[in-house]
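To start, the structure itself, in structure tokens.
Each reported figure results from applying straightforward, stated rules to the coordinates on display, with no laboratory input. Here the structure is a predicted model, which means the values were calculated and not measured. All Cβ positions, even for glycine, are placed from backbone atoms using ideal geometry, and neighbour counts span all protein chains on display.
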There are 2 protein chains.
Amino acid sequence: MSYELYYWPSIQGRGEFVRLALEDAGADYVDVWRGAGMEGSMPAIATGTPSFAPPCLRDGDIVVGQTAAILLHLGPKLGLAPDDDKGRLWTHQIQLTISDFVNETHDTHHPLGPGRYYDEQKPEALARAREFRDARMPKFLDWFEAILTRNTAGGGYLVGAAVTYADLSLFQVVDGLLYAFPTRMAGLMGNYPKIAALHRAVGERPRLKAYLASDRRLAFNEDGLFRHYPELDA
Amino acid sequence: MSYELYYWPSIQGRGEFVRLALEDAGADYVDVWRGAGMEGSMPAIATGTPSFAPPCLRDGDIVVGQTAAILLHLGPKLGLAPDDDKGRLWTHQIQLTISDFVNETHDTHHPLGPGRYYDEQKPEALARAREFRDARMPKFLDWFEAILTRNTAGGGYLVGAAVTYADLSLFQVVDGLLYAFPTRMAGLMGNYPKIAALHRAVGERPRLKAYLASDRRLAFNEDGLFRHYPELDA
């Protein structure tokens, strides 16, 4: 039976972290809201486990929301999590730190909250983006580089010697930051050779490479998490 | 062997969600940084699973960071999670939604980011807090009331018929909001009888009641997540 993913059909957003895992595993899934005219109708309403917001995944009689919880559930089933509980917990801890990084990226263009357009909060966005570029981006990237350095299992992954969903998610964050903050990233990424190598390697994984070149991969745009506003990358 | 919790010794903050679980279970734990002069030294440095930020928990040879991941690990061990995988995933999904709510609460006093003091971002905080009070607080509280209503297992808990760490965390959020936004909460909570009942019931659990009355329970203050700035509650 197919997995069903429920997420906004016009942005990568948080759903993309789930899409990458499903695509890399070659899983049978339906991106339900894409072109189906069903946008906004989540199956969770009927299940007793409603999601506060998309993305939401249905896997048989399990309906789960929250990106990190979806990946916690899918990881072992897709072969994208370690076999042992300790490794799975560490992978999840990394994923939650990626969630924090993504939230702070989002806040650069929405410092006053999700209820206003970017154009209504531009001066505040300039201030928030400056701190993000100067302090928060290096702080997060330092941490990811450090744990990649500390993992001596070989292969260049975040956890152990095999790919996990956290690697795919870190790929997505780097890809998004390269889109949103190309100037800052050009200055920074030389400090992070292991992150850069992981980003390259994940993008070359055969199924993901095919996905990224397909029309299933939505383009980054200024409705998503990672937005390219040149003034925020100054 | 005792659990070791590593968290800032002067605020409830994110560590409090872990403290409540440990206290409710009557677990043997050490709040390492409190009065020990070891503030800032995390054990994770030596373990290969370093935390990006506190809180961090050591449980034997497991060292785990990220509040929700700590609770995912502790829940079953403390008898604060359902027995089945499906129930545990749902509990975790709720916890991650609580994390989102907490993050947005924090952003009311730090809309321009964590690197500046509140006094350096007051006009922006006024704007962000207005949206939080008007739109975000009801949206989150509506969701929690809805899932409490939907759970017909009896007992008034979020998941099934027994208490989980998510119930303790929702107690803490309500407690924090009552401290930070007393005016707004006075106007809102009449709409949320099930949340109010859960808050009362958790606060009366014998071990938690003793903890809350003890000097182990730090007072809310204006260095933590939940800050009472009357101008943000106007």
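Data for the structure
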quantity	calculated
Of B:199, B:229, B:187, farthest towards positive along the dipole that unit charges on Lys, Arg, Asp, Glu beta carbons give segment B:173-231	B:199
Estimated distance in nm for a label pair at residue A:221 and residue A:191, the labels positioned 7 Å out from Cα along Cα-to-Cβ	3.4 nm
Average partner coverage of A:105-114, which counts Cβ from other chains inside 10 Å	5
Label point 7 Å beyond Cα along the C-beta direction, distances from residue B:120 to other copies (nm, shortest first)	2.8
Test item: B:69-77 mean partner chain Cβ contacts at 10 Å	3
Ascending list, in nanometres, of distances separating the residue B:186 label from those of the other copies (7 Å, Cα toward Cβ)	5.7
Members of B:86/B:139; A:122/B:122; A:86/B:86 lying beyond 23 Å, as alpha-carbon distances in this model show	B:86/B:139
Structure-based [θ]222 nm, chain B - -39500 (n - 2.57) summed over DSSP H runs of at least 4, per residue, nearest 500	-15000 deg cm²/dmol
Across the identical copies, how the residue B:146 labels are spaced - nm, sorted shortest first, 7 Å along Cα→Cβ	4.0
Within-11-Å neighbourhood charge of residue A:171 [Cβ basis; K, R +1; D, E -1]	-3
